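Below is one structure, written out as structure tokens; comments come after it.
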Amino acid sequence: MTTAISSRIIPQEACAIDATTLTGGYDELCDGLDYPAYLLRFTSTSDAPVEISFDATYDHELLPAGGTVELTGPSTRKAEFPKGQKVWVKGAAGKSGYIYMSAYTNRSDR
């Protein structure tokens, strides 16, 4: 089965976690992507940095306090974060704010 690439950018439902509830361990941010995604954007409105993890075992990316991190596939958009991919964050509880994740697909067969 061939996957059709669309010229449209299709957003998925955003995920968020209250930064004041972080435990210092791996806290689930997203319980699984609804569709494969070629772009993930993480945004923090928290006053504390967090680590992003795709397996709840290793830290993969640092999201600075109040910062944004964008992870994209190549320009051909053939590489994707798979459907069902879970995402966790790890860090000390902030005094305020949220950690957000936005995901985008361009697959017409979503």
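None of the figures in this text is laboratory data; all of them are computed from the coordinates on show. Please read all numbers here as calculations on a predicted model, not as lab measurements. Here the Cβ is made from the backbone with ideal geometry for all residues, glycine too, and neighbour counts use every protein chain on show.
Mind checking the full-extension length gain between residue 28 and residue 61? Use 0.36 nm per residue of separation minus the Cα-Cα distance, one decimal, nm. Before the final figure, lay out the partial values.
Working: separation 33, 0.36 × 33 = 11.88 nm, distance 1.50 nm.
Going from the current span to full extension adds 10.4 nm.
Starting from the Cα of residue 96, step 7 Å along the direction of its Cβ; do the same at residue 69; then give the gap between the two resulting points in nm.
2.4 nm
Cut-off is 10 Å between beta-carbons; in what order do 18, 27 appear when sorted fewest neighbours first? Before the final figure, lay out the partial values.
Working: 18 14, 27 20.
Ranked by crowding around the Cβ, least crowded first: 18, 27.
At a 10 Å Cβ-Cβ cut-off, how would you order 99, 52, fewest neighbours first?
Final ranking by Cβ density, sparse to dense: 52, 99.
Could you please rank 45, 105, 23, placing first whichever residue has the fewest other Cβ atoms within 10 Å of its Cβ? Numbers along the way, then the final one.
On the way: 45 15, 105 25, 23 10.
In increasing order of surrounding Cβ atoms, one gets 23, 45, 105.
Which residues does a label at residue 9 reach in region 26-49, if reach means a backbone N under 11 Å from a point 7 Å past the Cα toward the Cβ?
Flagged as within label range: 39-41.
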